[in-house]
Amino acid sequence: MRSVLDFLAGRMNVGIVKQIDKKGAGGMYNSEAAGLSFEEMWARIIACDARYDGLFFTAVKTTRIYCRPSCRSRKPKKQNVTFYMQLDQAETAGYRPCKRCQPEVQHSPWNTFIEQARSFIVAHYREPLLLQDIADHVKLSAYYLERLFKQETNETPRMFLEKVRVDRAAHLLRCSDKTNLEVCYEAGFQTPSNFYKAFKRHHHCSPGEYRNQGTPIVREALPASRKPLGGML
């Protein structure tokens, strides 16, 4: 099993490409970071969202420290933030791991598989994903992947995918002039009814109400859903 883990870790070690995000107030981000914009990653660190741990790392130029998205330390100024997709990229750039969130510590030997699966979901959330698609990507059976994912994250791949889509929709509702229907499909939902139900499950309001509220809602907990995963996600 160790050789498999080493192989997957090697596949994840990709080069970094940095560029200025026009909305990032001077911050920088890794353009390969699973399709997330600077603003979307910034929103995740403000929410201390542990579900994005391992998908990217937050580096602070003034302190030369990098953290997990879920880190509870005082938030830096946006213009002082750089995002990296890989831990070793942040360290190569001269950043030290945060002593509070310990981003360099791997808490489970299965983390590589989970991070590989989550990265795949975030990169392909607009597509009609099947559990088997994700399982094929990480070279595990669909049954074992779902069991492992639930064991390590306390949620299923379906739940994580839904959250990623809702996060994307929330970003578009506040940061674009797209109609609700356009947001629905841009965020990867297959039908408007599924979009409205999922959005209300996470934000306790409709997409239109969320848009009208203006100020982003910070939320950290995903309502428990035990809907079994089968067929299309």
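Assuming charge only on the beta carbon of Lys and Arg (+1) and of Asp and Glu (-1), the dipole of segment 109-225 about its Cα centre is about 240 debye to the nearest 20. For segment 109-225, the residue among 180, 130, 140 whose Cα projects farthest onto the positive side of the dipole built from Cβ charges is 180. Sorting the segments 161-169, 147-155, 77-85 by their mean number of nearby beta carbons within 10 angstrom, highest to lowest, gives 161-169, 77-85, 147-155. For the pair residue 206 and residue 110, label points projected 7 Å from Cα toward Cβ lie 4.1 nm apart.
None of the figures in this text is laboratory data; all of them are computed from the coordinates on show. What you see is a predicted model; the values in this text were computed from it and never measured. Cβ coordinates were reconstructed from backbone atoms using ideal geometry, including for glycine residues, and neighbour counts include every protein chain displayed.
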